[in-house]
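Report on one structure; see the data block that follows.
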Amino acid sequence: MYATVDGDRIISTRVEVELHIFSGNPNPVWILPEVEGVLFLKKLAMLPKASAIELSDNLGYRGFIVKVINETGECHVRIQNGTVELSQSGINVYNSDQNRHLERWLLNSGKPILGSDLYDMVERDFPKSSTTQSCRYPHQGSL
């Protein structure tokens, strides 16, 4: 949980990340610590707008589902293959995660939870050219 300020009020917010990969078993889920939750929201806000695109529901790796929850509501963010879909109150907005930096950042944030086998399997889905110093664990670099 972390807090944001809305006027004189403090709003507690929780950022929950789900690796969307399994079809018959529960997907891995983790909560971003306060610093990473704030950083995720800042990175998300910096992404350029994009046209609507249908995200894949194929078997295997299907990106991330991020729930941003606070007392005023809940927002779902799906990130897959460089496309970001934000859904809130029945409205969808699309952004571009060019070079998949935010998507890779989320993968790295879950590395301690995922274990090396699952992490390596998902990492293979990313093009080698998107591996840069700025995409390492959340405390390093930025978008």
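Some observations on this one:
- Residues in the range 20-51 that are in a strand (DSSP E or B) and either farther than 22 Å from residue 73 by Cα or modelled with pLDDT under 95 (or both): 49 only.
- Unmet criterion (only one of (1) among the polar types (S, T, N, Q); (2) at pLDDT 90 or above; (3) surrounded by 15 or more Cβ atoms within 10 Å (Cβ to Cβ)) for residue 70: (2)
- Residue 95 being modelled with pLDDT of 95 or more and either in contact with a helix residue (DSSP H, G or I) (Cβ under 8 Å, 6 or more places away or on another chain) or in a helix (DSSP H, G or I) (or both): yes
- Count - residues of the range 31-78 that are under 19 Å from residue 90 (Cα atoms), without any contact (Cβ under 8 Å) to a residue 60 or more places away in the chain and not hydrophobic (A, V, I, L, M, F, W, C): 8
The values are calculated or read from the model by the stated rules, or taken from the named source; none is laboratory data. Here the structure is a predicted model, which is why all the values come from computation and not from measurement. Using ideal geometry, Cβ is built from the backbone for each residue, glycine included, and neighbour counts are taken over all protein chains shown.
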